[in-house]
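Presented below is the structure to which this report refers.
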Amino acid sequence: MKNLAIILVLLITGVSSKAQETSKGATGSITVEIVNISSDKGKISYGLYTEDTFMKNPKYSKTAKINDGKSTITFDEIPEGEYAVICYHDKNDNDQMDFETNGMPKEDYGMSNNKINPYGPPTWDDGKFGFDGSSKEISIKL
């Protein structure tokens, strides 16, 4: 009887731990690939945004080198949710996107879902995607 009580306590504790893990939500990886970069000069800057951080400070950010017109990064341990990725080709390696005097970008950029408005800034609705916390691969065109 004593052994049965111990086994029940261990089972309940195990189920409780599993429930706590599940309630925290899943985390996974989002891999972003660009394959049409115009030159290997400079780097690619990537930002992973939530709706609250969109076009402000990215929730997660990375930079990567360009090799043969391609660049790939992976954001790890990303919780499930809705996100958007914006990236740009920092050709002069000055850690910022450069603009013409009229406000148009001097450097190539792209966004998840590859929907770019030629007459205005990117929008959350155009770039957002659902992430289930497992893994996702995204291809962006600049």
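Condition (residue is assigned to a strand (DSSP E or B) and within 26 Å of Ala26 (Cβ to Cβ)) applied to the stretch 91-113: is it met by at least one residue? Even if it seems obvious, please write down each step before you answer.
Applying the first criterion (assigned to a strand (DSSP E or B)) to the stretch 91-113 yields 99, 105, 109-111.
From what's left, within 26 Å of Ala26 (Cβ to Cβ): 111.
So far as the stretch 91-113 goes, yes, one or more of its residues are assigned to a strand (DSSP E or B) and within 26 Å of Ala26 (Cβ to Cβ).
Quick check on my filter: what residues within the stretch 93-142 are in contact (Cβ under 8 Å) with a residue 12 or more places away in the chain and open to solvent by less than 40 Å² (accessible area, probe 1.4 Å)? Glu107, Gly110, Met111, Ser112, Pro122, Trp124, Gly127, Phe129, Phe131, Gly133, Ile138, Ile140, listed by residue number.
Taken over the stretch 115-139, the residue count meeting the criterion of being under 20 Å from Thr53 (Cα atoms) and touching an Asp or Glu at 6+ places or on another chain (Cβ under 9 Å) is 11. Residues that are of a type in the set (Val, Ile, Thr) and outside any loop (DSSP other than H, G, I, E, B) were ranked within the stretch 64-90; the one that is most open to solvent (accessible area, probe 1.4 Å) is Thr72.
Scanning the stretch 56-63 turns up one or more residues that are open to solvent by 90 Å² or more (accessible area, probe 1.4 Å) and either assigned to a strand (DSSP E or B) or farther than 22 Å from Ala26 by Cα (or both).
Total residues in the stretch 30-44 satisfying the condition of being basic (Lys, Arg) and over 22 Å from the mean Cα position of the chain (by Cα): the figure is 1.
The values are calculated or read from the model by the stated rules, or taken from the named source; none is laboratory data. As the structure is a computational prediction, the values presented were derived from the model and not from experiment. Heads up, the Cβs are rebuilt from the backbone with ideal geometry, glycines too, and the neighbour counts pull from every protein chain shown. In case anyone asks, the SASA skips ligands and DNA or RNA and just uses the protein heavy atoms, side chains included. Shrake-Rupley method; radii C 1.70, N 1.55, O 1.52, S 1.80 Å.
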